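Participant: Got a structure here, written out as structure tokens. Questions coming.
The values are calculated or read from the model by the stated rules, or taken from the named source; none is laboratory data. Remember, predicted model here, so these are calculated numbers, not experimental data. Cβ placement follows ideal geometry from the backbone for every residue including glycine, while neighbour counts extend to all protein chains displayed. Side chains are part of the model used for accessible areas, which takes the heavy atoms of the whole protein and leaves out ligands, DNA and RNA. Shrake-Rupley method; radii C 1.70, N 1.55, O 1.52, S 1.80 Å.
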Amino acid sequence: MPEISIVVPTFAESENVRELHARITRCLEGESWELIFVDDDSPDGTADIVRDLAQHDSRVRCVQRLGRRGLSSAVIEGAMSSSAPLIAVMDADLQHDESILPAMIGRLRSEELDIVVGSRYVAGGSTGNWDERRKAISRIANRLARGLVPQDLRDPMSGFFVVRSAVVREAAPRLSGYGYKILLDLFASAGRPLRFAEVAYTFRPRVHGESKLDQLVIWEYLMLLLDKRIGHVIAPRLLFFALVGGTGVVMHYAVLSILYLGSGVQFAVAQAVATVGAMTSNYVLNNVFTYRDRRLRGLRFVRGLFSFYVVCGVGALANIGVAAYAFSRNAQWVISAGAGIIVGTLWNYLATARYTWGAKRS
């Protein structure tokens, strides 16, 4: 059994896989290790390259995921597939300095620690060639994390660390798995203060491939923060689903006004078009934002759209039925309408999570 499993989440990293393997082989000479690539069904054949590597080095494994995306959830699956006492997590893009792995592993073994973090913000560390905009975003993200991580953890946004596997297994039922910040998720979900240390490194520039960071990463980070702060009260997905529903109301009235008031279309026809337009808008926005990690594409997008129409149609009937019943029991019209909206929203959220985006948990 290996002493340490290096878990590497990948998406479209075919040009970096072999080089990362070569670097790990050099820096961990004398160690008993395995390299687990967790690939989100990359279109560039990353998983095939990993399998080819595994044919020549039995220490390499490939976990290929279908129908779901996300760095944090990939790390969780890779770590839970390991039997090694230590887990290292790093990116495939060669921006993490693998040469400090021996020092990180050595400190975890020799000191009473749960986790050792590769840090860009302790003495000797650096963010490399980051521009001022990216540095500012990182500082803001660090501030938002305060209260969820220890005050003296300098780099809570790091994606490069070594942790005892028992810590991951203990925290796993409470991990959110949202977005890219698995270290923050781990500290916030551990259930106890984690003993940690940081080892300095300089963040390298990317050589091959394209960055996976885009503007939607901010949205996923917000989902993670909300889940850790208020997830025991309301699921972030439900909150965002409701917010998207609010934009649908705006879309509905905008289309209705344009057709009925502006173009003279019959009210019933305008109402029908506005309803379909609002549902379509809600579906697209939920697919992009609320369910980004399970985003539907191609034919699955079309099938999902029709299932969304059906589910929301039933939700509309539930909304009307509950509101009418409450009103018939002498409830005020505002309360009756609110009850209908709540029931319809919950039905739409739970049913689309199951039948449209195929969630196994709400």
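Participant: Hey, can you tell me all the residues within the stretch 99-135 that are in a helix (DSSP H, G or I) and of a type in the set (Val, Ile, Thr)?
Facilitator: 100, 105, listed by residue number.
Participant: Next question. Within the stretch 58-77, how many residues are at pLDDT 95 or above and open to solvent by less than 20 Å² (accessible area, probe 1.4 Å)?
Facilitator: Selection size over the stretch 58-77: 1.
Participant: Which count do you get for residues in the stretch 75-98 that are acidic (Asp, Glu), part of a loop (DSSP other than H, G, I, E, B) and under 18 Å from the mean Cα position of the chain (by Cα)?
Facilitator: 1
Participant: Right, here's the next one. Kindly list the number of the only condition in (1) buried (at least 19 other Cβ atoms within 10 Å of the Cβ); (2) small (Gly, Ala, Ser); (3) closer than 21 Å to residue 238 by Cβ that fails for residue 316.
Facilitator: (1)
Participant: For the structure I just gave you, tell me whether residue 179 is buried (at least 20 other Cβ atoms within 10 Å of the Cβ) and touching a helix residue (DSSP H, G or I) at 6+ places or on another chain (Cβ under 8 Å).
Facilitator: yes
Participant: What is the residue count in the stretch 317-345 for residues that are in contact with a helix residue (DSSP H, G or I) (Cβ under 8 Å, 6 or more places away or on another chain) and either charged (D, E, K, R) or in contact (Cβ under 8 Å) with a residue 40 or more places away in the chain (or both)?
Facilitator: Here the count works out to 1.
Participant: May I pose another question? Could you check residue 203 against (1) touching a Lys or Arg at 6+ places or on another chain (Cβ under 7 Å); (2) open to solvent by 20 Å² or more (accessible area, probe 1.4 Å); (3) aromatic (Phe, Trp, Tyr) and say which number it fails?
Facilitator: For residue 203, the exception is condition (2).
Participant: May I ask you to list the residues in the stretch 151-184 that are of a type in the set (D, E, K, R) and either in a loop (DSSP other than H, G, I, E, B) or modelled with pLDDT of 90 or more (or both)?
Facilitator: Across the stretch 151-184, the qualifying residues are 152, 154, 155, 164, 169, 170, 181.
Participant: Now for a different question. Can you work out which of the residues in the stretch 256-287 that are over 17 Å from residue 310 (Cβ atoms) and β-branched (Val, Ile, Thr) is nearest to the chain's Cα centre (by Cα)?
Facilitator: The qualifying residue nearest to the chain's Cα centre (by Cα) is 273.
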